[in-house]
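Remarks on the structure that follows.
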Amino acid sequence: MSRRVAIGGLGTIGLSVANWLVQADGFDLAAVAASSVASAESKVSDLGVSPKVVVATELADHADIVIECAPAAHFAAIAEPAIDAGRTLVALSAGALLTRPDLVEGADLSGAQIIVPTGALIGLDAVRAMAQGEIVSVTLVTRKPPKGLIGAPYLEAEDIDVANLTDPLRVFHGNAFDAAKAFPANINVGAALALAGAGPERTMIEIWADPTISRNRHRVEVVSDSAIASMEIEGMPSADNPRTSASVANSVIAALRRMSDPLVVGT
C-alpha cells in the first residue's frame, strides 16, 4: 500500500523530492503547497501527476507524511496541523524546530513523529550514539561562500558586509539556539546537530564567510565519554539557491526510502 506524501514548499528541494516521488514505488505525491496556489500549480504542471494544490495548513488533511521544506517563516503553518493530526512530519527547518519544543510534546500526545533529515551535515548517527552517554563538547564550524550568507538577519542587524570580502571573515560565534535565530536560512545543520546531541545551548557554532571557497564546508568536533569524533563535509551549493546544499534533497529522499526499505543501515 502506497503512503500518501504532501510537500510544503516547492523550491529547489521540494521540486527535487516531488520529481523523485512521482517515480518511486510505495509513495504517492498527494498534495503540495507553495507561496501561492498559482505558483504551486505552475511548478507541478510538468510532473506528470496532479497532486492536490492546497494551502499549507491543509497538507496534513491529504497525506500520511508531510515534508516541510519551506522558508522558516512558514514552518508553523505546515508543522502544527501535521503534528495535531498524528502524521509523520519530515522537517527541514530544524532551526525553527528549536524554538518549538511544544511540537515534540504534541507529537508524543498525538502519535505523530518528527523526522529531521541529516541534510547537508555528516555524522548525526555517531552523535546520536554518543548522546546515549555523556557529551562533553560539540562544535560546528561552517564556512560558506559569501553570497550564501547575504541577507541573513544577523549580518544586516550588525551591519556586516560580506559582499566584497577578499579574506575569510568569522561573522558569528555562539550557541545553536542563537545561530538559528541569527541565520534562519543558513544554519539548519547546526540545529540538527544540536537536536541529535547535546542540545542547543551546549552546541557551539562558528560561521565564516569565505571568499576563497566555492562550496559549503561543515566541520564537526565532538568529545564524549565513548568517543572523540572529527568529521568534515564539503557540499555543492544548489545551482538555484546558494544558501542550500545540493545534498539536502537527497537526504530527504534517503529518509523516505528508510521508511520502506527492507534493509536499514545506520542508527
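The values are calculated or read from the model by the stated rules, or taken from the named source; none is laboratory data. Since the model is a prediction, treat every value here as computed from it, not as a measurement. Glycine gets a Cβ as well: all are built from the backbone with ideal geometry, and neighbour counts include every protein chain shown. Accessible surface is based on the protein model in full, side chains and every heavy atom, while ligands, DNA and RNA are left aside. Shrake-Rupley method; radii C 1.70, N 1.55, O 1.52, S 1.80 Å.
Using the Cα centre of the chain as the reference point, and only Cβ charges (+1 on K/R, -1 on D/E), how large is the resulting charge dipole? Debye, rounded to the nearest 20.
Values: 19 positive and 30 negative charges, 99 e Å.
Charge dipole of the chain: 480 debye, to the nearest 20.
Percent antiparallel among DSSP beta bridges with both residues in the chain, to the nearest 5?
45
Percent of accessible area on segment 1-155 owned by carbon and sulfur, 1.4 Å probe?
Numbers: 3320 of 6770 Å².
The C+S portion of the solvent-accessible surface of segment 1-155 is 49 percent.
Relative contact order for segment 76-115 using alpha-carbon pairs under 8 Å, separation at least 6, rounded to a whole percent? Write out the running numbers ahead of the final one.
Working: 44 pairs, mean separation 21.1, N = 40.
Worked out over segment 76-115, it gives 53 percent.
In segment 44-134, if the dipole is taken from +1 on Lys/Arg beta carbons and -1 on Asp/Glu beta carbons about the Cα centre, which of Gly86, Ile65, Gly106 is farthest to the positive end?
Ile65
Of all the accessible heavy-atom surface of segment 156-226, with the other protein chains kept in place and a 1.4 Å probe, what percent is carbon and sulfur? Numbers along the way, then the final one.
Details: 1480 of 3370 Å².
Carbon and sulfur atoms account for 44 percent of the accessible area of segment 156-226.
Roughly how tilted is helix 247-258, in degrees to the nearest 10 and between 0 and 90, from the longest Cα axis of the chain?
Long axis of 247-258 versus the principal axis of the chain: about 50 degrees.
Quick query: amide H of Asn216 versus all other amide H atoms, modeled in the peptide plane; which residues come in under 5 Å with a sequence gap of 5 or more or a different chain?
Gly235
Could you order Met130, Met259, Met236, Met1 so the one with the most accessible surface comes first? Probe is 1.4 Å. Could you put the intermediate results ahead of the total?
Details: Met130 10, Met259 45, Met236 100, Met1 225 Å².
The most accessible residue leads, giving Met1, Met236, Met259, Met130.
So what's the angle, to the nearest 10 degrees on a 0 to 90 scale, between helix 12-21 and the longest Cα principal axis of the chain?
40
Size of the dipole of segment 208-248 about the Cα centre, Lys and Arg at +1 and Asp and Glu at -1 on the beta carbon, nothing else charged, in debye to 20? Don't jump to the answer; show the numbers that get you there.
Working: 4 positive and 6 negative charges, 30 e Å.
It works out to roughly 140 debye.
Suppose only helical runs count, i.e. DSSP H with n ≥ 4. What mean residue ellipticity at 222 nm does that imply for the chain under -39500 (n - 2.57) per run, divided by all residues and rounded to the nearest 500 deg cm²/dmol?
Values: 10 runs with 83 residues, N = 267.
Using -39500 (n - 2.57) per qualifying helix, the result is -8500 deg cm²/dmol.
Give the long-range amide H neighbours of Ser137: residues separated by 5 or more places, or on another chain, with amide H under 5 Å away, using H modelled in the peptide plane at 1.01 Å from N.
Amide H to amide H, under 5 Å and 5 or more residues apart or across chains, Ser137 pairs with Val223.
Run the Debye formula on the Cα coordinates of segment 137-267, all scatterers equal and no solvent, and tell me log10 I(q)/I(0) at q = 0.09, 0.16, 0.21 1/Å.
Values returned for q = 0.09, 0.16, 0.21 Å⁻¹ are -0.28, -0.85, -1.29.
Dividing the Cα radius of gyration by the Kirkwood radius, what Rg/Rh value follows for segment 161-209?
Details: Rg = 11.6 Å, Rh = 11.2 Å.
Reported Rg/Rh (Cα atoms, Kirkwood Rh): 1.04.
Only four residue types carry charge here, +1 at the Cβ of Lys and Arg and -1 at the Cβ of Asp and Glu. Report the dipole size of segment 79-179 about the Cα centre in Debye, rounded to the nearest 20.
Working: 7 positive and 13 negative charges, 86 e Å.
My answer is approximately 420 debye.
What are the ³J(HN,Hα) couplings of segment 182-189, residue after residue, when phi is run through the Karplus curve with 6.51, -1.76, 1.60 and θ = phi - 60°? Round to Hz, x for glycine and proline.
Result, ordered by residue: 6, 10, x, 9, 10, 10, 4, 4 Hz.
Could you go through segment 38-50 in sequence order and give the Karplus-derived ³J(HN,Hα) for each residue, using 6.51 cos²θ - 1.76 cosθ + 1.60 with θ = phi - 60°, rounded to whole Hz, and x for Gly and Pro?
Karplus values, whole Hz, x for Gly and Pro: 4, 5, 5, 4, 5, 6, 9, 5, 9, 7, x, 10, 10.
Please compute P(r) over all alpha-carbon pairs of the chain, binned at 5 Å starting from zero, and give each bin as a whole-number percent.
1, 6, 13, 17, 18, 17, 13, 9, 4, 1, 0, 0
Per residue of segment 210-226, in order, report the coupling 6.51 cos²θ - 1.76 cosθ + 1.60 (Karplus, θ = phi - 60°) as ³J(HN,Hα) in whole Hz, putting x for Gly and Pro.
Those phi angles translate into 10, x, 8, 10, 10, 10, 6, 10, 10, 10, 10, 10, 10, 10, 9, 7, 10 Hz.
If every alpha-carbon in segment 212-267 counts as one equal scatterer, what log10 I(q)/I(0) does Debye give at q = 0.17, 0.23, 0.25 1/Å?
-0.80, -0.96, -0.97
Could you sort Ser93, Ser110 by accessible area so the largest value comes first, with the probe set to 1.4 Å? Kindly include the intermediate steps, with their values, before the conclusion.
Details: Ser93 5, Ser110 45 Å².
Result, largest first: Ser110, Ser93.
Which angle from 0 to 90°, rounded to the nearest 10, does the C-alpha axis of helix 101-110 make with the longest principal axis of the chain?
Rounded to the nearest ten degrees, it is 30.
If you consider only alpha-carbon coordinates, what radius of gyration and Dmax does segment 11-81 have, in Å?
11.3, 32
With the convex hull built on the Cα atoms of segment 1-155, state its orientation-averaged projected area in nm². Mind showing how you got there, number by number?
Numbers: hull surface 45.1 nm².
For segment 1-155, averaging the hull's shadow over all directions gives 11.3 nm².
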